[in-house]
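Participant: The following block contains the structure, expressed as structure tokens.
The values are calculated or read from the model by the stated rules, or taken from the named source; none is laboratory data. Just so it is clear, the structure is predicted and the values come from calculations on it, not from any experiment. Here the Cβ positions follow ideal geometry from the backbone for every residue, glycine too, while neighbour counts run over all protein chains shown.
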Amino acid sequence: MERRSQARAQTGAFVAIALVAVVLLNVLAVKVLHARIDLTKRGLYSLSQGTRRTLGRLTDNLTITIYWTPDQPAPANDDERLLREQLDEYVAASRGRLEVRWVRTDNDERKRQAEGASCTKRVLQTVNTASDQANLAEVFRCITFSYLRSTEQIAFVNPGVEGMEYQITSIVKKMIDPERAIGFLAGHDEGSPEQALPYLSRILQEAHLGYTTRTIDLHGGEEEIPADIKGLVIMGPARRIEERELRRINSYLMRGGSVAVFAGGTAITGSDTRPTAARAEHNLNGLLEGYGVTINPDIVLDFQASDSVQEIEQGRARIPMFTYPALAARRDVGGPGIDTAHPAVFRLPGVILPFVSSLTINNGRARENGTVFSEIGRTSERSVLQRERFELDAIELLQRRQQIFGNARASYVVGVALEGQLRSAFAANDTDHPPAHATREHPARLLVVGSGKVFHIDQLRAIAPLQNGMPTNVQMLLNVFDWLSQDPDLLAVRAKDVSEPSLQAVTDTRKQLFKWGSIIGLPLLVGVLGVVLMNLRARKRAEITL
């Protein structure tokens with residue numbers, strides 16, 4: 001009896017010591033060493049390699065100051081803890097170059113400090129799902145950044161901070177590398193950022209992405225593409241691009257440049273509900289065919305199209321627009337939809353491509369020299385082509401949809417990307433003497449999408465009311481900027497999935513297995529385990545000799 005008591009005491013002491021050791025080890029790892037092990041499949045509680053590389057480029061001390069009102073209404077009250085844990089990861093990865101200061105604005109002096117840092121109180125509205133009550137409170141949720149002589153600020157952190165890494169890392173990268181310009185080709189009635197994309201400057205500023213836009217006019221080929229831009233966007237040119245200008249673009253690519261082409265093979269005039277189309281005059285195929293890509297003079301009508309809000313005879317109405325193919329995330333390799341593994345459309349639920357033309361691919365030329373070719377967009381298998389000159393009526397298409405799409409069994413490529421040692425489009429007769437192909441050290445990047453209206457404000461106004469938050473087409477544009485700039489750090493951060501995992505469909509057979517396994521299997525397993533343990537104990541008792 002005494003031995004049993006002694007054994008129990010020793011066991012209890014051992015368990016207590018082990019628990020204390022585990023607690024102390026966790027405290028030491030988190031508070032002193034700033035070390036944590038992230039066991040989540042998607043790395044939700046650790047920094048991406050892109051962020052770590054960015055912090056490694058700091059040459060001076062970076063100070064991040066958070067002005068935060070304590071005890072905020074639920075569920076936003078948990079954001080402080082999550083943000084603290086994430087910033088602890090930043091501190092640990094910076095190797096002493098980053099300092100984080102928290103100012104809890106719980107008295108007048110600290111509130112004045114926040115106001116002195118140009119932070120202002122804002123109304124925070126939250127909904128407590130447990131009590132089904134809405135809460136309003138004026139709070140500080142402001143972050144300031146100070147590095148060398150530059151300062152940046154996130155004026156208000158929106159509730160839910162799981163996706164803050166991309167925003168914080170973008171600001172840090174902007175402070176390290178302040179000039180990141182994306183060029184937009186001009187001079188051929190293209191869609192300029194100011195006219196076609198009036199929303200872009202506000203989004204870039206609010207998101208602190210560090211990008212600026214600049215129009216690039218080659219003046220008929222007299223001017224070169226500036227070497228200091230990170231990439232060139234060609235969006236919906238209406239007039240002819242001369243061969244000398246195409247050669248300038250080719251030379252830019254051969255020297256390791258990045259170009260994104262958003263243009264259809266038809267010129268669309270009139271309203272979106274009654275468009276008239278004719279062959280496009282932009283002459284881009286004079287360049288693109290040299291890389292194995294041809295924009296066809298057609299538009300794709302897709303039964304899997306997006307609804308949009310359009311002006312019709314009866315007034316504004318929501319109607320299906322078969323000229324607005326909606327490409328959802330691709331399920332099968334080579335199937336319809338968008339390849340969400342590609343950075344340009346990474347993890348987007350889908351994109352809408354108004355008046356998109358099909359693309360023809362010369363596989364031999366597109367994959368020449370080991371070039372990596374990616375098909376990033378394909379319409380559904382219920383698509384038809386409308387070629388050359390035509391007039392359409394959205395209401396008539398809707399009324400005749402069964403006749404038009406009844407026998408449709410075709411799917412068309414509408415977006416591709418090429419990356420690597422592209423062969424010069426003018427290799428056989430180039431008088432400017434650029435390299436015959438891009439080099440391995442400075443690979444070229446080319447993105448071609450058969451629509452010049454993907455980001456245009458007129459089309460976005462028609463589809464934005466039907467989408468929550470930022471339209472996916474605009475998210476695609478920001479992805480394209482990262483891809484053009486060949487920024488592996490931001491691409492690595494953007495690649496991190498912090499969304500809620502989707503539930504997978506369960507078959508009826510598996511449902512029955514789960515059901516009867518829970519009803520019969522688990523109790524039977526517990527019973528078998530009990531019998532085994534009882535037999536083992538009986539054997540031990542039988543071996544005891546007095």
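Participant: Quick one: in region 438-495, of everything that is modelled with pLDDT under 85 and of a type in the set (Lys, Arg), which residue is surrounded by the most Cβ atoms within 10 Å (Cβ to Cβ)?
Facilitator: Restricting to residues being modelled with pLDDT under 85 and of a type in the set (Lys, Arg), the top hit is Arg494.
Participant: Residue under question is Arg255, and the condition is that it be touching a His at 6+ places or on another chain (Cβ under 8 Å), over 20 Å from Gly415 (Cβ atoms) and at pLDDT below 95; does it hold? Step through it out loud before you land on a result.
Facilitator: Working: touching a His at 6+ places or on another chain (Cβ under 8 Å): yes; over 20 Å from Gly415 (Cβ atoms): yes; at pLDDT below 95: yes.
Against the criterion (touching a His at 6+ places or on another chain (Cβ under 8 Å), over 20 Å from Gly415 (Cβ atoms) and at pLDDT below 95), Arg255 qualifies.
Participant: Cβ-Cβ distance below 9 Å, separation of 6 or more or different chains: which pairs start in region 455-472 with a residue that is on the phi < 0 side of the Ramachandran plot and end on one that is of a type in the set (Gly, Ala, Ser) and in a helix (DSSP H, G or I)?
Facilitator: Met470/Ala464; Pro471/Ala464
Participant: If I ask for residues that are more than 23 Å from Ala436 (Cβ to Cβ) and surrounded by fewer than 24 Cβ atoms within 10 Å (Cβ to Cβ), which ones from region 225-235 would you list?
Facilitator: Of everything in region 225-235, those that are more than 23 Å from Ala436 (Cβ to Cβ) and surrounded by fewer than 24 Cβ atoms within 10 Å (Cβ to Cβ) turn out to be Pro226, Asp228, Ile229, Lys230.
Participant: Can you tell me which residues in region 172-224 are part of a strand (DSSP E or B) and free of Cβ contacts under 8 Å to residues at least 40 places away in the same chain?
Facilitator: Step one: list which residues in region 172-224 are part of a strand (DSSP E or B), which gives 180-186, 211-217.
Across region 172-224, the qualifying residues are Ala186, Thr212, Thr213, Arg214, Thr215, Ile216, Asp217.
Participant: Further question: So which of Asp393, Asp332 ends up being among the charged types (D, E, K, R), more than 24 Å from Arg279 (Cα to Cα), out of contact with any helix residue (DSSP H, G or I) (no Cβ under 6 Å at 6 or more places or on another chain) and in the same structural domain as Thr472 (by TED's automatic domain parsing)? Steps first, please.
Facilitator: Numbers: Asp393 fails: more than 24 Å from Arg279 (Cα to Cα).
Answer to the selection: Asp332.
Participant: Which of the residues that make up region 172-191 are modelled with pLDDT of 90 or more and closer than 27 Å to Ile457 by Cα?
Facilitator: Within region 172-191, Ala181, Ile182, Gly183, Phe184, Leu185, Ala186, Gly187, His188, Asp189, Glu190 qualify.
Participant: Mind checking which residues of region 310-357 are within 25 Å of Arg400 (Cα to Cα) and assigned to a loop (DSSP other than H, G, I, E, B)?
Facilitator: Glu313, Gln314, Pro336, Leu353, Pro354, Phe355, Val356, Ser357
Table: residues versus (1) assigned to a strand (DSSP E or B); (2) modelled with pLDDT under 95.
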residue	(1), (2)
Ile234	yes, no
Arg239	no, no
Ala260	yes, no
Ala278	yes, yes
Gly286	no, no
Glu289	no, no
